[in-house]
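J.: The structure's right below; bear with me while I get my questions together.
The values are calculated or read from the model by the stated rules, or taken from the named source; none is laboratory data. Since the model is a prediction, treat every value here as computed from it, not as a measurement. Positions of Cβ are backbone-derived with ideal geometry, glycine not excepted, and every protein chain shown enters the neighbour counts. All accessible areas refer to the heavy atoms of the entire protein, side chains included, with ligands and DNA or RNA removed. Shrake-Rupley method; radii C 1.70, N 1.55, O 1.52, S 1.80 Å.
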Amino acid sequence: MSEYPNTQLLIAGDWCDGSGNREMPVHNPASGMEIGRVALAEPADLDRALAAADQGFRVWRATSPLTRAKVMRRAADLLRERAEAIARVITLEQGKPIAQSRIEVAVAADTIDWFADEGRRAYGQIIPPRLPGVIQMTMKLPIGPVAAFTPWNFPVTQSVRKIAIALGAGCSMVVKAPEETPASPAALVTAFVDAGLPAGVLNLIYGVPAQISDYLIKSPIIRKISFTGSVEVGKHLASLAGQQMKRCTMELGGHAPVIVTADADIEKAAQTMVMHKFRNAGQVCVSPTRFMIEEAAYDQFTDRFVEISSGLRIGAGIEEDTQLGPLSNSRRLDAIDELIADAVAQGATLRCGGRRVGNEGWFFAPTVLSEVPLSARIMNEEPFGPVAILNRFTSLDDAITEANRLPFGLAAYGWTGSDQAAYRMGAEVETGMMSINHLGLALPETPFGGVKNSGYGSEGGSEAMEAYLDTRFVTRTFA
Ligand code: NAD
């Protein structure tokens with residue numbers, strides 16, 4: 001039997017094909033070859049999933065947070081037991097190096113543990129009354145069935161950042177996971193099923209994304225939307241949700257600025273940022289993209305960055321020593337090609353890479369562009385691929401102005417030896433997350449989210465669960 005499974009829908013506790021028997025092929029990005037199939041849902045299947053989530057919500061909200069947490073922690077332990085097999089599935093369908101897939105599964109298990117316990121801490125308040133004998137309190141109640149839409153770049157952790165929060169809060173769900181990388185989110189969901197999650201609480205579907213989101217968001221059963229993906233699609237889904245007065249969590253694109261001052265530890269900055277830039281072939285919403293390096297350290301940083309980038313081992317993610325795997329799909333290959341050609345045509349210098357590697361699979365060389373003009377498309381559009389832009393600055397004011405120029409604000413990075421510069425980066429860069437002199441983003445217990453076009457809401461930390469809870473105020477007096 002192949003180690004890559006075909007994927008079905010999970011509706012009301014049953015794994016099944018779509019009622020129209022439609023399916024799609026799944027490809028291995030390292031070879032371009034078909035490795036499996038995924039079942040696609042029809043409107044009749046969506047109706048069944050919605051009914052199951054409606055029923056599942058009644059069961060799950062009536063389950064105590066302690067019991068919910070026990071089921072969730074069991075699912076986390078099952079993930080840990082199955083980590084190697086699931087990591088291989090991630091790499092086969094998505095392309096990233098196997099070591100990164102192992103981390104993805106481990107982080108998913110930790111995220112489930114954290115939100116299992118957050119559910120137990122969903123405290124209300126007792127509010128001091130104006131009159132004697134009055135008790136005023138707030139209760140935190142699960143908002144209701146959630147529709148979640150998750151992307152292909154981190155098929156397990158992008159799904160778990162929605163599933164763990166919703167289940168911890170006591171919500172049921174219909175999750176539309178990515179058709180291009182369907183089997184690893186299905187393995188995640190299987191861990192919950194095997195841990196004893198009641199049927200209908202978590203339903204998993206695949207299909208035509210626009211049809212499914214339109215259908216689910218309009219359904220009166222769904223009370224909350226969570227989406228991770230591009231700004232364009234996020235705005236569309238938020239407007240659909242707005243027409244229905246439904247709350248959203250939106251985790252959208254970024255174009256992360258990196259400010260490197262001349263007094264920073266340049267060697268550490270270059271090494272750390274190369275590995276972070278090319279992680280998952282740059283298909284990461286918090287990927288460092290627009291580097292601004294202070295003039296006096298520009299040549300030193302740039303030369304090291306290019307040297308380390310050029311030495312990365314490119315190969316199939318399933319090989320243990322691969323550092324840079326293929327892009328996940330051929331759309332990204334074309335998009336990256338076009339962005340680089342445009343930048344070079346506008347005067348940017350190509351320092352390394354800039355080309356596809358081989359004819360099989362969707363490999364692209366680690367690419368560094370320098371002296372890129374602001375008018376280049378890549379200075380304004382999220383590249384979502386293995387390309388770094390290295391530009392220079394002379395005053396910190398200019399660097400911060402450039403960091404804030406774009407309508408994105410997800411992640412930002414700073415490298416500096418100066419406390420004052422570090423303070424200004426933290427206070428003045430318009431971003432949801434700022435990491436200075438180390439990599440410290442995306443832990444289960446810390447906030448994860450953006451500002452401006454990068455979306456709203458958090459997918460980490462104690463802020464995250466609030467978006468899945470209603471606050472009810474109850475006041476009473478003794479008769
Ligand atoms: P895309 O915009 O078509 O799709 C992005 C994701 O949204 C996919 O998972 C897709 O299935 C889903 N999607 C698309 N239309 C939808 C709809 N109407 N309803 C519900 N879901 C929908 O593009 P793509 O080629 O897959 O990716 C391109 C861009 O998307 C990237 O360049 C990047 O900017 C962004 N993206 C961001 C993230 C992230 O982590 N924030 C993840 C994946 C893609």
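J.: Under unit Cβ charges (Lys, Arg +1; Asp, Glu -1), what dipole magnitude, rounded to 20 debye, does the chain have relative to its Cα centre?
T.: It works out to roughly 1880 debye.
J.: Run through the stretch 420-479 and list the chymotrypsin sites (Phe, Trp or Tyr not before Pro) located in a DSSP loop whose Cβ has at most 11 other Cβ atoms within 10 Å.
T.: Loop-located and lightly packed - 478.
J.: While we're on this one: Based on the Cβ-Cβ distance from residue 463 to residue 235, what FRET efficiency comes out when R0 is 25 Å, to the nearest 0.05?
T.: 0.70
J.: So if we plug the beta-carbon distance of residue 130 and residue 59 into 1/(1 + (r/R0)^6) with R0 = 41 Å, what FRET efficiency do we get, rounded to 0.05?
T.: With R0 = 41 Å, the Cβ-Cβ based efficiency is 0.55.
J.: Please label the shape of the stretch 1-87 as rounded, prolate or oblate, based on the square roots a ≥ b ≥ c of the eigenvalues of the alpha-carbon gyration tensor (a/c under 1.5 means rounded; beyond that, a/b larger than b/c means prolate, else oblate).
T.: Oblate, because a/c is 1.5 or more while a/b does not exceed b/c.
J.: Let me ask another. Roll a 1.4 Å probe over the protein heavy atoms and report the accessible area of residue 120 in Å², nearest 10.
T.: Counting only protein heavy atoms, residue 120 exposes about 120 Å² to solvent.
J.: Considering only protein heavy atoms and a 1.4 Å probe, what is the carbon-and-sulfur percentage of the accessible area of the stretch 345-397? The partial results should precede the final answer.
T.: On the way: 1040 of 2190 Å².
Of the solvent-accessible surface of the stretch 345-397, carbon and sulfur hold 47 percent.
J.: Take the alpha carbon gyration tensor of the stretch 43-193, find the square roots of its eigenvalues, order them as a ≥ b ≥ c, and report rounded if a/c is under 1.5; if not, report prolate when a/b exceeds b/c, else oblate.
T.: prolate
J.: Considering only protein heavy atoms and a 1.4 Å probe, what is the carbon-and-sulfur percentage of the accessible area of the stretch 81-170?
T.: Of the solvent-accessible surface of the stretch 81-170, carbon and sulfur hold 62 percent.
J.: Using 0.36 nm per residue of separation minus the Cα-Cα distance, give me the extension gain between residue 106 and residue 77 in nm, one decimal.
T.: Values: separation 29, 0.36 × 29 = 10.44 nm, distance 0.99 nm.
Difference between extended and current length: 9.4 nm.
J.: Please give me, ordered by residue number, the trypsin sites (Lys or Arg not before Pro) of the stretch 261-329 that lie in loop per DSSP and have at most 16 other Cβ atoms within 10 Å.
T.: On the way: sites: 268, 277, 279, 290, 304, 313; in loops: 313.
When the trypsin sites (Lys or Arg not before Pro) of the stretch 261-329 are filtered for loop state and at most 16 Cβ neighbours within 10 Å, 313 remain.
J.: Looking at the chain, what % of its DSSP beta bridges pair antiparallel, to the nearest 5?
T.: 40
J.: Now a separate question. From zero outward in steps of 20 Å, how is the percent of C-alpha pairs of the chain spread across the bins?
T.: 24, 54, 21, 2, 0
J.: Separate question: Does anyone have the angle between helix 157-169 and the longest principal axis of the chain? Alpha-carbon axes, 0 to 90°, nearest 10?
T.: For 157-169 against the chain, the angle is about 30 degrees.
J.: Also, quick follow-up: With the full set of protein chains in place, find how many percent of the accessible area of the stretch 1-67 is carbon and sulfur; take the probe as 1.4 Å.
T.: Ligands and nucleic acids excluded, carbon and sulfur reach 53 percent.
J.: Sticking with this one: Expressed as an acute angle from 0 to 90° and rounded to the nearest 10, what is the orientation of the C-alpha long axis of helix 330-345 relative to the principal long axis of the chain?
T.: The angle comes out at about 40 degrees.
J.: What percent do you get for the relative contact order of the stretch 270-365 when only Cα pairs under 8 Å and 6+ apart count?
T.: Contact order relative to length: 24 percent.
J.: Probe of 1.4 angstrom, ligands and nucleic acids ignored: what's the accessible area per residue over the chain, in square angstrom?
T.: On the way: 18920 Å² over 479 residues.
Per residue, the chain has an accessible area of 40 Å².
J.: Let me ask you something else. Enumerate the residues in the stretch 277-314 having an amide nitrogen under 13 Å from the point lying 7 Å beyond the Cα of residue 439 toward its Cβ.
T.: Output list for this probe position: 277-289.
J.: Could you pull the accessible area for residue 392 with a 1.4 Å probe, rounded to 10 Å²?
T.: 90
J.: Turning to a different aspect of this structure: To the nearest 10 degrees, how steeply does helix 419-428 sit against the main Cα axis of the chain, on a 0 to 90 scale?
T.: For 419-428 against the chain, the angle is about 50 degrees.
J.: Just how much of residue 295 is accessible, in Å², when a 1.4 Å probe is used and the result is rounded to the nearest 10?
T.: 80
J.: Spin-label point model (7 Å from Cα, Cβ direction): what's the residue 138 to residue 2 distance in nm?
T.: For residue 138 paired with residue 2, the spin-label model returns 5.1 nm.
J.: Could you sort 4, 215 by their accessible area in this structure, using a 1.4 Å probe and putting the largest first?
T.: Of 4, 215, the descending order of accessible area is 215, 4.
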